Structure formats: C-alpha cells, structure tokens
Amino acid sequence: MLLPRIWDLVKLRLVHMNTCSFFDMDTNEQRIFSKARLPNLEVLSLYGTIIHGEEWNMGEEDTFENLKCLKLNKVTLAKWQVGEESFPALEKFKLSGCRKLEEIPSSFGDIYSLKIIKLVRRSHLEDSALKIKEYAEDMRGGDKLQILVRKNIPLFK
C-alpha cells in the first residue's frame with residue numbers, strides 16, 4: 001500500500017515545510033500547490049523553500065479556502081501571481097527573508113479578510129505593501145489592514 005500524497009490529506013490543518021524544493025519529477029515542471037486539495041488547511045509556513053524558476057503562478061484551481069495564516073521565510077521567489085480567490089480567508093501574511101521577491105501581488109488588496117501583512121527584514125517590499133493597504137482602504141472603507149515591520153511596528157506612508 002502506498003502512502004497518501006500530502007495534498008490528498010484533506011483533514012490537514014497545518015503545514016510547516018523546512019528546506020524543501022517543489023518540482024514535479026514526472027513532468028519536469030514546477031509544481032508548488034497546483035490543484036491543492038487541502039480544504040481544511042489553516043496555516044501554511046514555508047521556510048528555506050526552493051521554487052524552481054523563482055516564479056509561482058497561482059491559477060483558479062490553486063485555492064486555499066480556509067487558509068488563515070501564510071508565512072514565507074527565505075523562499076526563493078522573485079515573481080508571484082495570485083488569483084483573486086487564491087486565499088479567500090487569509091488573515092495574516094508574513095514575509096521574512098524573501099530577498100528576491102520583487103513585490104507583493106496587488107491582488108492581496110482584494111482579500112477582505114486580510115488584517116495583517118508583516119514584513120521582516122524586507123524594506124524593499126514596503127512600497128508594494130503600502131499600495132495594497134491604500135487600495136484595501138479605498139475598497140473596504142476605513143483602516144482595517146495593518147502593515148507591520150520589525151518588532152510589530154506599524155508602517156505608515
């Protein structure tokens with residue numbers, strides 16, 4: 001009997017991956033969470049993860065319905081495209097040590113549940129985070145999205 005693939009573990013609520021690489025050995029293509037089947041996943045933490053090609057393009061099929069917390073730490077990611085419905089329940093997004101990431105996808109501004117974007121040692125992403133905050137404030141009305149930097153200090157324009 002074969003062990004189930006991690007993406008078939010539908011009751012899984014927390015995934016913490018440390019120093020790993022995402023690559024589909026059968027097709028020689030990059031596969032990060034294509035057709036993710038983790039409907040109960042609430043926390044996803046990637047540390048030291050190698051993304052071949054340094055690009056993560058999330059399509060409509062890449063949806064994390066109940067993900068509340070996403071943490072990326074030292075992930076080799078330069079470009080990231082996120083679909084409108086990729087993270088419909090996301091509340092907290094933390095970026096740390098992702099020095100290659102050019103910007104935070106602007107579609108994070110469309111996530112109404114998002115309350116906190118935390119940037120640790122990533123001052124080059126502050127501008128895109130502030131643009132997302134400004135867009136979210138215009139769309140939602142009010143100041144419901146916080147941008148935090150080191151030691152949980154709020155970031156303002």
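Each value in this text was obtained by applying a stated rule to the coordinates, not by laboratory testing. Since we're looking at a predicted model, the values are computed, not measured. With ideal geometry, Cβ positions are generated from the backbone for all residues, glycine too; neighbour counts draw on all protein chains shown.
Out of L67, L44, which single residue is within 12 Å of L90 (Cβ to Cβ) and in a strand (DSSP E or B)? From the options L67, L44, the qualifying one is L44.
Of all residues in region 131-149, how many are of a type in the set (D, E, K, R), surrounded by 13 or more Cβ atoms within 10 Å (Cβ to Cβ) and more than 23 Å from E85 (Cβ to Cβ)? Walk me through it before giving the result.
Taking region 131-149 first, the residues of a type in the set (D, E, K, R) are 131, 133-134, 137-138, 140, 143-144.
Still in the running and surrounded by 13 or more Cβ atoms within 10 Å (Cβ to Cβ): 131, 133-134, 137, 140, 144.
If we keep only those that are more than 23 Å from E85 (Cβ to Cβ) as well, we get none.
Within region 131-149, residues that are of a type in the set (D, E, K, R), surrounded by 13 or more Cβ atoms within 10 Å (Cβ to Cβ) and more than 23 Å from E85 (Cβ to Cβ) number 0.
Taken over region 100-130, the criterion of being out of contact with any strand residue (DSSP E or B) (no Cβ under 9 Å at 6 or more places or on another chain) and surrounded by 15 or more Cβ atoms within 10 Å (Cβ to Cβ) is satisfied by G109, D110, S128. Within region 110-128, the set of residues being under 15 Å from L70 (Cα atoms), more than 13 Å from the chain's Cα centre (by Cα) and outside any loop (DSSP other than H, G, I, E, B) comprises just one member, V120. Could you check region 131-151 and list, in sequence order, the residues that are in contact with a strand residue (DSSP E or B) (Cβ under 9 Å, 6 or more places away or on another chain) and part of a loop (DSSP other than H, G, I, E, B)? Within region 131-151, just L145 meets the criteria.
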